[in-house]
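Asker: Take a look at this one; I'll ask things after.
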Amino acid sequence: VQLVESGGGLVQAGGSLRLSCAVSGRTLSNYAMGWFRQAPGKEREFVASISRSGVITSYAESVKGRFTISRDNAKNTAYLQMNSLKPEDTAVYYCAARLNSVSSYYTQYSYWGQGTQVTVSS
């Protein structure tokens, strides 16, 4: 399974970005998807996850109400819509995939993208 993120960039506080994660090599509908992020000097942290069908979603408290995870299995792509961005959202964002059920633990994901930088200026 190959994952490729896109959509990162530099944005002012209060702005929005939409990250995409294109999956190839396997059928996306077999995989739960997660988004994680890692800021310099910090551990990788959970941002959001979505079940295979898209019915079940979960968010970190720090992004709840601002970020929305979604997926389009027909396009083999997962998304992370990020609104009301804050400087503390600055990090490298990674998408990840795992067979079957969702998880908020990065150690339980088998497949990872290369990451995309998101920088929020104040």
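The values are calculated or read from the model by the stated rules, or taken from the named source; none is laboratory data. Just so you know, these numbers come straight off a predicted model, no measurement behind them. Cβ atoms come from the backbone with ideal geometry, glycine included; neighbour counts cover every protein chain shown. Side chains included, ligands, DNA and RNA excluded: accessible areas come from the protein's heavy atoms. Shrake-Rupley method; radii C 1.70, N 1.55, O 1.52, S 1.80 Å.
Asker: Please compute the contact order of the chain in relative form: average sequence separation of alpha-carbon pairs under 8 Å and at least six residues apart, divided by the residue count, as a percent.
Answerer: Numbers: 316 pairs, mean separation 44.7, N = 122.
Answer for the chain is 37 percent.
Asker: May I pose another question? Roughly how many percent of the accessible protein surface of the chain is carbon and sulfur, given a 1.4 Å probe and a whole-percent answer?
Answerer: Here it works out to 47 percent.
Asker: Tell me, what is the per residue accessible area of the chain in Å², probe radius 1.4 Å?
Answerer: Using a 1.4 Å probe on heavy atoms only, each residue of the chain averages 50 Å².
Asker: Same structure, new question: Can you find, among I56, G15, P87, the residue farthest towards the positive end of the dipole of the chain? Put +1 on the C-beta of Lys and Arg, -1 on that of Asp and Glu.
Answerer: I56
Asker: In debye, nearest 20, what is the charge dipole magnitude of the range 2-95 about its Cα centre with +1 on Lys and Arg Cβ and -1 on Asp and Glu Cβ, if you could check? Let's see the in-between values first.
Answerer: Details: 11 positive and 7 negative charges, 41 e Å.
It works out to roughly 200 debye.
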